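The values are calculated or read from the model by the stated rules, or taken from the named source; none is laboratory data. As the structure is a prediction and not an experimental result, all values here were calculated from the model. Here the Cβ is made from the backbone with ideal geometry for all residues, glycine too, and neighbour counts use every protein chain on show.
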Amino acid sequence: MDPTLTEISEEGCFVALTYEHLRVQDIMDRVRSPQAGAIVLFAGTTRDSFAGKPVKELQYSAYAPLALKTMLSLCKDVVARHGLKGIAMIHRLGTVPIGEESILIAVSAPHRQAAWRAGEEALEDCKRHVEVWKREEFEGEGGVWRANRDGIPGQKITGNGEAH
């Protein structure tokens with residue numbers, strides 16, 4: 001196995017974490033099915049600003065063993081709820097420059113409505129539950145750690161367990 005990629009593939013679900021550039025075609029090929037009339041792809045990219053501040057780059061870290069298990073569980077749930085033919089979710093770790101993808105989610109389903117809904121749910125579930133954290137690096141200001149959700153700043157925990 002490639003040392004920069006950690007992955008699990010099970011029951012029509014593929015999840016992975018990598019430090020490499022993400023490739024759209026590879027993830028779409030993971031969910032192709034002759035029974036699928038739709039493939040929906042979400043590509044989350046690093047934008048150049050957040051809350052009016054210029055962003056230099058994002059840095060992602062994860063507790064990989066738990067993050068992969070959580071990703072797989074979420075994907076299995078989305079497959080069951082929407083009757084998908086396949087789902088693939090890959091999250092990039094390390095530094096992600098402006099304009100590059102940090103996450104790709106592809107879903108295939110017999111019909112487009114199920115694929116659209118499933119893709120959105122998979123993204124929201126990932127942001128809410130997967131053990132991935134991001135640090136936004138701002139131009140000239142340093143950075144801030146955030147939960148992997150838009151706009152929720154992290155809190156520093158001191159040695160006595162208090163949040164600041």
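If the condition is being more than 13 Å from the chain's Cα centre (by Cα) and either closer than 20 Å to M71 by Cβ or outside any loop (DSSP other than H, G, I, E, B) (or both), then the stretch 34-57 contributes A38, I39, V40, S49, F50, K53, P54, V55, K56, E57. Out of L66, L17, L41, L58, which single residue is touching a strand residue (DSSP E or B) at 6+ places or on another chain (Cβ under 6 Å), closer than 16 Å to E131 by Cβ and either of a type in the set (V, I, T) or touching a residue at least 60 places away in the same chain (Cβ under 8 Å) (or both)? Answer to the check: L17. Contact annotation: residue pairs with Cβ atoms under 6 Å, 6 or more positions apart or on different chains, pairing a residue in the stretch 138-154 that is surrounded by 11 or more Cβ atoms within 10 Å (Cβ to Cβ) with a partner that is outside any loop (DSSP other than H, G, I, E, B) and modelled with pLDDT under 75, are V144/P153; R146/P153. Taking the stretch 61-104 as the range and being within 11 Å of T18 (Cα to Cα) and of a type in the set (D, E) as the test, no residue passes. Across the stretch 103-133, the qualifying residues are those that are assigned to a strand (DSSP E or B) and surrounded by 21 or more Cβ atoms within 10 Å (Cβ to Cβ), and the one among them that is nearest to the chain's Cα centre (by Cα) is I103. The residue that is nearest to the chain's Cα centre (by Cα), among those in the stretch 1-19 that are in a strand (DSSP E or B) and of a type in the set (D, E), is E7. In the set (1) surrounded by 16 or more Cβ atoms within 10 Å (Cβ to Cβ); (2) of a type outside the set (A, V, I, L, M); (3) modelled with pLDDT under 95, G44 fails one condition alone, (3).
Across the stretch 58-80, the qualifying residues are those that are part of a helix (DSSP H, G or I) and small (G, A, S), and the one among them that is surrounded by the fewest Cβ atoms within 10 Å (Cβ to Cβ) is A80.
The listed residues are L84, L22, and the only one of them that is part of a loop (DSSP other than H, G, I, E, B), over 14 Å from the mean Cα position of the chain (by Cα), buried (at least 16 other Cβ atoms within 10 Å of the Cβ) and touching a residue at least 24 places away in the same chain (Cβ under 8 Å) turns out to be L84. Scanning the stretch 90-102 for residues that are in a strand (DSSP E or B) and under 15 Å from the mean Cα position of the chain (by Cα) yields a total of 8.
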